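Inspection log for the structure reproduced underneath, given as structure tokens.
Please treat every number below as a calculation from the coordinates, not as lab data. Just so you know, these numbers come straight off a predicted model, no measurement behind them. Glycine gets a Cβ as well: all are built from the backbone with ideal geometry, and neighbour counts include every protein chain shown.
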Amino acid sequence: MDIGQLLATAANLMVTGMVGVFVFLSLLISAIIIMSKLASRFEQSVATPMRTPSIKAPGVPSAHIAAISAAIAQYKNKQKL
């Protein structure tokens, strides 16, 4: 076999493989689209109840904020030493 025949065989095999993959992926995408349309046709709408918060959080107490601020200030002062 000469190089021309080898290249022609390689190109033929490559094109055949690419066409096969393209056809497979096209069929796969078509099947997914069809199943999605069928599933949406039979889908039942489920009403989700609105939940209201049972306990309203008033926020962070000012004593906690003061303690955190003091701890941060103390940490920064220790880092300077």
Rg in Å to one decimal, and Dmax rounded to a whole Å, for the stretch 1-40 via C-alpha atoms: 17.3, 57
Cα gyration tensor, the chain - rounded (a/c under 1.5), prolate or oblate: oblate
Virtual spin-label span in nm between Ile32 and Val60, 7 Å along Cα→Cβ: 4.5
Spin-label model distance (nm) - Ala67 vs Lys80, 7 Å beyond Cα toward Cβ: 2.5
Residue-span extension gain [Ser40 to Met14] - 0.36 nm each, minus C-alpha spacing: 5.5 nm
